[in-house]
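Structure first, then comments.
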DNA sequence: AATGAATGAGCCTTCATTCAT
DNA sequence: CATGAATGAAGGCTCATTCAT
């Protein structure tokens with residue numbers, strides 16, 4: 001019933017091939033020929049489905065992002081305490097760290113090379129939306145926790161959400177760059193404990209004393 | 001009076017120009033011609049100082065990293081409490097967010113495009129060292145805090161350090177991607193408070209229940 | 001009627017154009033652009049048929065050599081006396097002096113410029129084979145003459161063949177270098193007479209007294 | 001008395017270095033930098049002695065040719081029979097085959113690459129003169145032999161000389177191209193015997209029957 | 001829709017030559 | 001005369017894109 005679909009799902013095949021090749025070689029070093037070869041089609045055929053290399057990349061990116069949507073959407077609506085929701089989200093990220101690393105690789109790829117030029121606007125928007133959605137969901141969860149009294153009242157859910165997203169992104173970056181961190185159970189436990197502690201406890205801080213430095217070519 | 005020798009310092013000029021152009025256009029989209037023009041030298045002159053485009057990029061990257069060294073090194077040895085050290089480091093990052101964003105951009109650039117190809121090994125090593133150093137320093141600070149009783153004893157300084165680095169990196173990434181976050185005083189305060197709370201308080205956590213999903217082209 | 005298939009035969013056209021341009025300007029001074037222009041194709045098209053300039057040159061050379069094969073091969077098997085075979089071969093060379101000059105030019109070109117670098121081995125082999133074949137054929141003819149009693153028995157067919165090839169090559173070289181020799185009928189006659197005389201007569205010789213001299217840069 | 005000269009014989013040093021490098025790498029693949037390095041001077045200094053790369057090559061070539069002059073000049077005037085003179089000349093060539101190979105290599109180099117472009121005329125002239133002189137000297141020797149009755153009267157000294165030069169050139173070419181010939185004593189003996197036989201005997205020949213063939217790009 | 005040969009703009013790199021010191 | 005950094009023209013090669021079949 002569903003197997004007849006495959007016969008001519010050229011677009012999907014190309015997209016999959018593109019994902020593979022872009023991740024392996026990077027945007028710039030990926031040739032349309034390589035994508036075609038991986039997809040098992042002729043070079044010219046690519047242009048029947050995508051206007052250009054840029055376009056292929058953009059659509060691939062959009063595809064990946066939208067696939068991530070449903071997954072997270074459901075979390076917010078579940079009927080469990082906020083702290084468990086957070087932990088569950090973290091667990092998800094770690095369980096799919098490999099997957100997020102792959103996506104993240106494409107993100108970097110994208111940012112670094114493709115986002116410039118013409119599509120800049122269109123792409124920046126995609127990024128912003130993706131992050132907003134993320135942040136929004138986390139923010140809701142934190143709000144729920146604050147309202148239920150689980151989390152401290154002084155907490156600004158938006159700031160907290162931004163920071164939580166930042167940790168996760170930072171972890172993904174470290175994973176992508178393969179920087180020698182062992183993301184084992186202790187790491188995961190440490191992260192969760194730290195996070196909840198930060199949301200339930202609160203500490204005093206000092207105001208900063210600024211100083212500056214130069215970067216070449218600034 | 002000390003050194004009127006460097007009448008022009010071509011190498012520095014080229015490096016500065018390269019930093020500017022690479023950051024503006026990305027590695028792949030940067031032409032040697034553009035760098036030369038920006039530096040105010042002839043195209044051929046670049047090759048009197050750098051063997052290739054790759055080499056130029058690598059040396060630029062190395063330059064930037066090494067410039068960051070001294071800056072952070074001193075922090076560890078200062079005679080102030082661990083929590084203040086951490087806050088100071090955070091303050092520094094925020095104060096120089098623009099600078100770190102620039103560096104980070106180059107890092108992404110680097111990872112995404114330049115690190116592949118031949119120099120992969122050499123470059124991966126540079127990355128790993130950079131992160132290790134970072135982590136190492138933070139880890140020392142956390143250790144100091146644990147020893148002095150400021151921070152909770154259960155904390156694993158290495159895990160904590162990794163996480164702290166992750167937050168900071170995540171923030172830098174968000175800054176680079178310009179994702180709509182306002183890194184104002186509240187954000188800074190929120191971060192510092194959360195951080196210290198996490199280090200001084202401690203919470204209970206739940207074990208994860210895993211689930212998986214696919215990425216196109218895997 | 002037999003093959004309307006090769007509507008354009010790009011490869012052949014490029015090869016022909018390359019032969020023309022290489023001969024006219026030499027390997028180093030020949031640009032791919034010039035070859036493309038001469039062939040009436042776009043610069044990039046050359047690389048659909050030949051991997052590189054070197055490759056183009058090599059294939060051109062191979063083509064020319066192989067074209068020369070059949071021509072000479074038949075001579076050995078013809079049912080005429082050895083002396084006539086030799087004369088016929090000489091006649092052929094003279095009749096096609098222009099052609100051989102062209103080939104020779106490419107050979108010099110080749111030796112002087114292209115054979116260095118990477119393909120040295122592959123190319124040296126081509127040379128050696130070409131010469132061996134030549135020599136082998138002449139050697140056979142001389143052998144036939146010696147066996148039939150036409151030529152003197154003391155003659156070593158291999159040495160004789162080498163020398164005959166040398167004269168012919170020398171003539172081609174002079175023709176290539178355009179050194180002011182008139183290759184008219186008298187010259188041809190003189191060569192043939194001298195050759196046959198040398199093979200039928202035999203003279204006394206003296207042992208050499210050696211002396212040496214220097215070349216700059218040795 | 002003569003050793004003070006060396007102190008500043010920069011020109012000679014450069015010339016020697018050029019000979020070495022040109023022979024090793026070929027004209028096109030030789031950089032002025034390499035010549036300078038080999039000569040132990042700075043790149044710019046070359047231009048104090050030679051107008052250009054071409055000029056350097058030309059002067060090197062002229063130098064080598066003129067060095068060959070004296071050597072052969074004396075032979076003609078010696079008071080020995082013509083056949084011995086010829087044999088002596090042949091012996092000389094063989095004794096110095098290595099040297100002639102070196103020169104020949106430069107000749108090919110020159111012809112193949114440098115002779116084109118502007119200096120074509122000047123260079124062609126040098127070639128022609130070199131060959132003429134060669135031929136002239138041999139021609140004289142043959143004349144002497146014909147006059148003294150040693151050689152046959154029907155022989156045209158000019159044609160004979162051309163042919164003798166051709167053999168020698170052919171041998172040098174084979175030596176340069178390193179084509180698998182063993183230039184041992186038998187080869188030398190065979191050459192000398194054949195040569196003298198050709199000059200003292202005489203044979204009947206047949207008129208040629210022409211046929212043609214094509215070269216790609218003609 | 002599929003194909004893949006053809007295209008040509010564009011880029012990195014080399015190197016002979018110049019010239020200020 | 002010596003030096004070597006600076007120059008810039010020139011060329012080989014790649015590859016996204018087009019288009020005739």
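The values are calculated or read from the model by the stated rules, or taken from the named source; none is laboratory data. Since the model is a prediction, treat every value here as computed from it, not as a measurement. Here the Cβ positions follow ideal geometry from the backbone for every residue, glycine too, while neighbour counts run over all protein chains shown.
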*Determine which member of the set D:146, D:215, D:179, D:165 is modelled with pLDDT of 85 or more and surrounded by 20 or more Cβ atoms within 10 Å (Cβ to Cβ).*
D:165
*Of all the residues that make up the stretch D:28-52, how many are within 15 Å of DNA strand F (Cβ to nearest atom), under 28 Å from residue C:110 (Cβ atoms) and within 12 Å of chain C (Cβ to nearest Cβ)?*
4
*Mind checking which residues of the stretch C:41-53 are surrounded by fewer than 17 Cβ atoms within 10 Å (Cβ to Cβ) and more than 9 Å from DNA strand E (Cβ to nearest atom)?*
C:51, C:52
*In the set D:60, D:56, which member is away from chain C (no Cβ under 11 Å), under 24 Å from residue D:122 (Cβ atoms), more than 9 Å from DNA strand F (Cβ to nearest atom) and in contact with a helix residue (DSSP H, G or I) (Cβ under 9 Å, 6 or more places away or on another chain)?*
D:56
*Could you give every pair whose Cβ atoms fall below 7 Å, whose first residue belongs to the stretch A:38-55 and is touching a residue at least 40 places away in the same chain (Cβ under 8 Å), and whose second residue is more than 6 Å from DNA strand E (Cβ to nearest atom), counting only separations of at least 6 or pairs across chains?*
A:54/A:114; A:54/A:119
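Please go through the stretch D:8-27 and give me each residue that is touching a helix residue (DSSP H, G or I) at 6+ places or on another chain (Cβ under 8 Å) and either in contact (Cβ under 8 Å) with a residue 24 or more places away in the chain or within 11 Å of DNA strand F (Cβ to nearest atom) (or both), ordered by number.
Listed by number, the residues that qualify are D:10, D:11, D:13, D:14, D:15, D:18, D:19, D:22, D:23, D:26, D:27.
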_If a residue must be within 11 Å of chain D (Cβ to nearest Cβ) and at pLDDT 80 or above, how many such residues does the stretch C:63-84 contain?_
6
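So that you can scan it fast, the table gives a plain yes or no per residue for (1) over 16 Å from residue D:199 (Cα atoms); (2) assigned to a helix (DSSP H, G or I):
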| position | (1), (2) |
| --- | --- |
| D:132 | yes, yes |
| D:136 | yes, yes |
| D:143 | no, yes |
| D:154 | no, no |
| D:158 | no, yes |
| D:161 | no, yes |
| D:164 | no, yes |
| D:175 | yes, yes |
*Kindly indicate whether residue D:38 is at pLDDT 85 or above, within 16 Å of DNA strand E (Cβ to nearest atom), part of a helix (DSSP H, G or I) and loosely packed, with under 15 Cβ neighbours inside 10 Å.*
no
*Of all the residues that make up the stretch C:179-201, how many are free of Cβ contacts under 8 Å to residues at least 60 places away in the same chain and at the interface with chain D (Cβ under 7 Å from one of its Cβ atoms)?*
13
_Take the conditions within 16 Å of DNA strand E (Cβ to nearest atom), surrounded by 15 or more Cβ atoms within 10 Å (Cβ to Cβ) and at pLDDT 80 or above and apply them to residue A:88. Does it pass?_
no
